[in-house]
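Worksheet: one structure, shown below.
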Amino acid sequence: MRKILTFLPLLLLAALHGARAADPQATLRNTLLAAEDVVVGRVTSAEPTTSDESPVTLFRFAVGERLKGKPPASIGILIQRAIIHPGKIQVEVMAGIPPVLSIGEEAVLFIQPVAGREHVYEIVADGNGVFPVTTGRDGVKRADRSFVGPAVSGGVKLDELLKQIRSELDPKAAQKAAPKAPPKPAKPGA
């Protein structure tokens, strides 16, 4: 049993690594389809609580920009801290793993409302609809998909990600904004 518990985190990380290798455009499109709302903002607080008898953390999130949907300027984000198995066995999934969100952190979130809770949302795509935003030494903001922990590869420029999201949400507007191909040169002697 101890060997199984030792290898469980390694299997989880291997599965997540495989998920990272998926086509980024298709992954973004699928995450957008799953989300009712997409927002950019900052985590302002965190409070441990319960939801349906399961331990969760309720993060307060100040919405700075709405890319999809119309959530209010301040929302709650529920993050499960444990998995409940049949027979009420609880396994803490966050033990030893950095939190999905941190107070003060800026992020792009793909979310959907939690039934029965006003202005409270959950992250879609099995919790992977989080793109933490960091500012590099060059002053450029970058966003990277979070897979149960902090950003892993430095990500894409935030403005490029937001442009890509807007393009997926409104492809016609993206086509109009795309630069037109230069005219073909005239054939000699024509």
> So Thr6 fits all but one of (1) closer than 20 Å to Glu122 by Cβ; (2) among the hydroxyl-bearing types (Ser, Thr, Tyr); (3) modelled with pLDDT under 55; what number is the exception?
Replying inline: (1)
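Conditions tested, residue by residue: (1) basic (Lys, Arg); (2) modelled with pLDDT under 85; (3) in contact with a helix residue (DSSP H, G or I) (Cβ under 6 Å, 6 or more places away or on another chain).
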{"position": "Gly96", "(1), (2), (3)": "no, yes, no"}
{"position": "Glu106", "(1), (2), (3)": "no, no, no"}
{"position": "Val133", "(1), (2), (3)": "no, no, yes"}
{"position": "Ser146", "(1), (2), (3)": "no, yes, no"}
{"position": "Ser167", "(1), (2), (3)": "no, no, yes"}
{"position": "Lys180", "(1), (2), (3)": "yes, yes, no"}
>> Show the residue pairs meeting these rules: Cβ distance below 7 Å; 6+ apart or different chains; first residue within segment 59-73 and free of Cβ contacts under 8 Å to residues at least 24 places away in the same chain; second residue loosely packed, with under 15 Cβ neighbours inside 10 Å and among the hydroxyl-bearing types (Ser, Thr, Tyr).
In response: Arg60/Thr44; Arg60/Ser45; Arg60/Ser74; Ala62/Thr44; Ala62/Ser74
> Based on what the data block shows, is Lys157 at pLDDT below 90 and of a type outside the set (Gly, Ala, Ser)?
Replying inline: no
>> Given the criteria closer than 19 Å to Ala143 by Cα and at pLDDT below 90, does Ala82 qualify?
In response: no
> Which of the following residues is in contact (Cβ under 8 Å) with a residue 60 or more places away in the chain and surrounded by 14 or more Cβ atoms within 10 Å (Cβ to Cβ): Val56, Val39?
Replying inline: Val39
>> Name the residue that is surrounded by the most Cβ atoms within 10 Å (Cβ to Cβ), counting only residues in segment 135-144 that are touching a Ser or Thr at 6+ places or on another chain (Cβ under 9 Å) and at pLDDT 90 or above.
In response: Ala143
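Name the single residue, out of those in segment 36-71 being of a type in the set (Asp, Glu) and part of a loop (DSSP other than H, G, I, E, B), that is nearest to Ala143 (Cα to Cα).
Glu36
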> Would a scan of segment 20-35 turn up a residue that is exposed (fewer than 11 other Cβ atoms within 10 Å of the Cβ), modelled with pLDDT under 95 and assigned to a helix (DSSP H, G or I)?
Replying inline: yes
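The values are calculated or read from the model by the stated rules, or taken from the named source; none is laboratory data. Bear in mind that the values here come from a model prediction, so they are computed numbers and not experimental data. Neighbour counts run over all protein chains shown; Cβ positions are idealised from the backbone, glycine included.
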